[in-house]
């Protein structure tokens, strides 16, 4: 019987770490997550069930230490030659179990990229914040971008150039004073320990040098996290409002400085889109498992349901989409690992390509999971099958980082050289 591992993973990209970490994460997912995931929807407020698998991965397996330099007690995996291919495999395995939990765990590392990745490691900030992540309790980071008035304006730096950012950072002696309101960051809603906050040092400015990424521990006076949102899906991905009222942090808590913060923000966008492709692949693999189980155990006219022409055709379409998404995702990760061939991760070229990859993968994932539910009829909506959970969760793949519309705009800007989009 064919399994999910028969779908193509380009073997020439596989790192030795993959053979060690991939099976480890699959075993974690099947033991710690899959038996309990359908109950996560009722756990969206307390996160009592979700804490155990998070702790196992972040602390016991050391996931929260992955990107920090060795001298800080970390593993420095963020600077290995094949980091993004390895990360793709790990996130694919996590998303197979629960895509909301996957993105929550991924975002622990995502904001740390500004200070831990070559060629822009900030040693002083690594020294400052690494001890938080080296202990025996899970520590959660969040990237505070989106604001109430502008939605995805901040992610649209190429066109708006930070001109609509309203969260301000004003210099006062040797400190930044931050005021503003962010919403929707993953790992907020009372969970976050450390925020990377996208601010402006000059409201209304179109100069990228005025875009600042400043780190804010959430126990600093003036930081308030609101309660988590209740969403249609991805209950393990905790989001909420965060307010900053005269929050003071040292000047050197800024990731890099004028111009560089905006430049490396492009890398955040590229990698974020790549992570979304990994989620699409993982979800599709798990729904395929459920779908195959269903069509082998149900009969039509005395034969397994898969022997029906219409059902077989739908299954073939699903398999083709999963093949394409998985190969695309690994290729996209490989491109991030080879900037000397494809361009720096923060380049407009790579941002556009990652947008195209994410848009295609999210669309195929949502379409395919919907098709699987159609094949399964009423069973597709049965919570015991877990497919309806994946169906509700994956819609978020189209919505974050500016949604499908911003993906379309940035793809068109680069490939068509549009000037007004």
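Values in this text are rule-based calculations from the coordinates and carry no lab data. Given the structure is predicted, the values throughout are model-derived calculations rather than measurements. Methodologically, a virtual Cβ is constructed for each residue, glycine included, from the backbone with ideal geometry; neighbour enumeration extends over all protein chains shown.
Numbers for the structure displayed
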| read-out | value |
| --- | --- |
| Debye equation applied to the C-alpha atoms of the range 4-133, log10 I(q)/I(0) at 0.14, 0.17 Å⁻¹ | -0.67, -0.94 |
| GNM flexibility winner over the chain from 27, 12, 344 (Cα, springs under 10 Å) | 12 |
| Residue order, fewest to most beta carbons within 10 Å, for 404, 137 | 137, 404 |
| Relative contact order for the range 321-379, counting Cα pairs under 8 Å that sit 6 or more residues apart, in percent | 35 |
| Column: log10 I(q)/I(0), Debye, Cα scatterers of the chain, q = 0.09, 0.11, 0.14 Å⁻¹ | -0.53, -0.80, -1.30 |
| Least to most buried among 46, 210 (fewest other Cβ within 10 Å first) | 46, 210 |
| Rounded to 10°, Cα long-axis angle of helix 260-297 versus longest principal axis of the chain | 20 |
| Residue order, fewest to most surrounding Cβ atoms within 10 angstrom, among 243, 110 | 243, 110 |
| Folded to 0 to 90 degrees: helix 309-337 orientation relative to the chain principal axis, Cα | 30 |
| Whole-Å distance, taken between Cα centres, linking the range 1-30 and the range 128-207 | 35 |
| Globularity ratio of the range 261-415, using Cα Rg and 2.2 N^0.38 Å | 1.19 |
| Highest-MSF residue in the chain out of 11, 284, 234 [GNM, Cα springs under 10 Å] | 11 |
| Over 19 Å [Cα-Cα, the range 41-112], rounded percent | 36 |
| Residue-averaged 222 nm ellipticity for the chain, from DSSP H runs of 4+ at -39500 (n - 2.57), nearest 500 | -14500 deg cm²/dmol |
| Relative contact order of the chain, pairs being alpha-carbon contacts under 8 Å that are 6 or more residues apart, as % | 17 |
| The chain: angle of helix 123-133 to the longest principal axis, Cα-based, in degrees nearest 10 | 50 |
